[in-house]
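Let me begin by presenting the structure, written as structure tokens, before commenting on it.
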Amino acid sequence: MKINEPSPESITLSSDENNNNLRRRHGGSGGDESVDAVTKLDSSSAEASSSTDDVTSDVRDGLDRVSEVVSTTVEKISDGDGIQEEQRKENETTLLKYVYRASAPAHRRNKESPLSSAAIFKQSHAGLLNLCIVVLIAVNSRLIIENLMKYGLLIGSGFWSSSTSVRDWPLLMGCLSLPIFPLAAFLVEKMAQKKYMTEHVFVTFHIVITTASILYPVLVILRCDSAFLSGVTLMMLACIVWMKLVSYAHTNYDMRQLAKSVDEGENSEINYSYNVSFKSLAYFMVAPTLCYQLSYPRSASIRKGWLARQLIKLVIFTGLMGFIIEQYINPIVRSSQHPLKGDLLYAIERVLKLSVPNLYVWLCMFYCLFHLWLNILAEILRFGDREFYKDWWNAKTIDEYWRLWNMPVHKWMVRHIYFPCLRNGIPKGVAMVISFFISAVFHELCIAVPCRLFKFWAFLGIMFQIPLVILTNFLQNKFKNSNVGNMTFWCFFCIVGQPMCVLLYYHDVMNRNGSAS
């Protein structure tokens, strides 16, 4: 049985007329199937035109759906009546030709522009991100070529090592002698477990040990004419040891109190055992965490291929940091005045010019330290919890940034500073100020001591975060569901915040070395 070719008018017939025509042509169950298929054809065309894309996408999607439905319909008819393949193709072509009529509405509902505030976060912007990456590569490539043509290749072996740092045996011995302090803390905890003395005596011992662990490296660096990188390395290791020892002493003290409460009948339903193990302390001292506990989640095995790739990345990005420092930051600093001295406009221009390479160094430092090095260390030790940072780049307030930027330090602060303050009746605002004060002290130690230059820029920069926390929280509450807070965060941290503080120290050190020479 042959199907008559439909005219344009036949496409616009009502659904009842179409159903009657199909019944008159084919009758029976096959006709019912054809009616259902044509009904699906009408609904598919309507759905296609209501797509969220533009008119071209509507047409394309509608034709695809119609083609599928028409093919199914013709196949069913041909199976029942023996229509040839050529006839099916001819009928399908005729149907598709008149599906999207000029009289069909092209606009069916309200739609927002893709970049409007109501729709910007409902779709992917991968193409724009790729454009930004291409533009950054093009711009920075031009700057690299221009810099090489102007200054030549400035980086040399002196950046990585010098006669001072290689032969700096006091600093080397200082690094090697740091394990003495964890060993002393372990002996104190062993005596505390056996209850040789009162609890106050053990607390005093731990205070003396932790204080000595931070003062000893400071004295070594100040008495020795050490290189800057050597001093920074020793001070960072000393601060890490100090924080680990505080966590070790505080955690063991809390476990003794819990064990004591169980012995006295309180919380008797808790099966709690307190033990001091040298093995657990040794693992804790090298593990990528600052919070002590008896056991940690462990990974199944060491991925040697993955570990090799991370080591290669670490070498590459460390070299990139050295290249940016030597090739860009040093020439700008040498040819500029102090940012807080001289002409104001000139100072702003210098700070803006230095902020870009400093931002690159800061991002490379984050990637090398928090992502590559900590993951390498965790892989070697099979340390399971590798949440060393969160999405701090999306932070809308300063306090949110500090909660996401450095997770090991954040967990240590919450566990051993903030919540202990709250448990002792200290208000939340005061507890936050105490946390920022401790952070400011250690930032100052890690920068000022190796520089042997106490200007307190780092300390003031961290303490300045407190009014910034209030400001960014106010902006976020006032402009909800916006990027004002995130833009404010990036502005302060790219120009005024941490990079600015590092630039001030760097400039003062370079000027001091130039004056001495």
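Remark: spin-label model distance N140-A282 equals 4.3 nm, labels positioned 7 Å along the Cα→Cβ axis.
Please list the three semi-axes, largest first and in whole Å, of the ellipsoid equivalent to segment 413-498, using sqrt of 5 times the eigenvalues of its alpha carbon gyration tensor.
After scaling each eigenvalue by five and taking roots: 25, 22, 9 Å.
Each label was represented as a point 7 Å from its Cα along the Cα-to-Cβ direction; for D508 and A106 these points are 6.6 nm apart.
Largest accessible area first, the listed residues Y346, Y401 line up as Y346, Y401 when surface is computed with a 1.4 Å probe on the assembled protein chains. Solvent exposure of W405, expressed as accessible area, is near 20 Å², computed with a probe of 1.4 Å over the protein chains only.
Remark on F383: its backbone amide H falls under 5 Å from those of S299, a criterion applied only to residues 5 or more positions apart or on other chains, H modelled at 1.01 Å from N. Using a cut-off of 27 Å between Cα atoms, the listed pairs K304/K390; K89/K111; K150/K455 include K89/K111; K150/K455 as exceeding that distance.
For segment 178-183, the Karplus equation 6.51 cos²θ - 1.76 cosθ + 1.60, evaluated at θ = phi - 60°, returns couplings of 4, x, 4, 5, x, 5 Hz by residue, with Gly and Pro reported as x.
Each Lys or Arg adds one and each Asp or Glu subtracts one; over the other residues with Cβ under 11 Å from the Cβ of S299, this totals +2. Applying 1/(1 + (r/R0)^6) with r as the Cβ-Cβ distance of V356 and E387 and R0 = 25 angstrom yields a FRET efficiency of 0.25. Once you've got the Cα coordinates, tell me which of K122/K353; K190/K279; K279/K428; K195/K411; K279/K411 are over 25 Å apart. K122/K353; K279/K428; K195/K411, as the Cα separations exceed 25 Å there. Derived scalar couplings between HN and Hα for segment 279-293 equal 5, 5, 5, 4, 5, 5, 5, 10, 6, x, 8, 10, 10, 7, 7 Hz in order, rounded to whole Hz, by the Karplus curve 6.51 cos²θ - 1.76 cosθ + 1.60 (θ = phi - 60°), x for Gly and Pro.
Using the average count of surrounding beta-carbon atoms within 10 Å as a protection proxy, the listed peptides 106-117, 437-448 rank, highest first, as 437-448, 106-117.
Potential lengthening of the chain between Y253 and H200 amounts to 18.0 nm, from the contour at 0.36 nm per residue minus the alpha-carbon distance.
Phi angles across segment 257-262 convert, under the Karplus curve 6.51 cos²θ - 1.76 cosθ + 1.60 with θ = phi - 60°, into 3J(HN,Hα) values of 5, 5, 5, 5, 5, 5 Hz, Gly and Pro given as x.
Net charge in the neighbourhood of Y196 (other residues with Cβ under 15 Å of its Cβ; Lys, Arg +1, Asp, Glu -1) is +2.
The values are calculated or read from the model by the stated rules, or taken from the named source; none is laboratory data. Keep in mind the model is a prediction, meaning the values are calculated, not measured. All Cβ positions, even for glycine, are placed from backbone atoms using ideal geometry, and neighbour counts span all protein chains on display. What goes into the accessible areas is simple: the full protein's heavy atoms, side chains included, and nothing from ligands, DNA or RNA. Shrake-Rupley method; radii C 1.70, N 1.55, O 1.52, S 1.80 Å.
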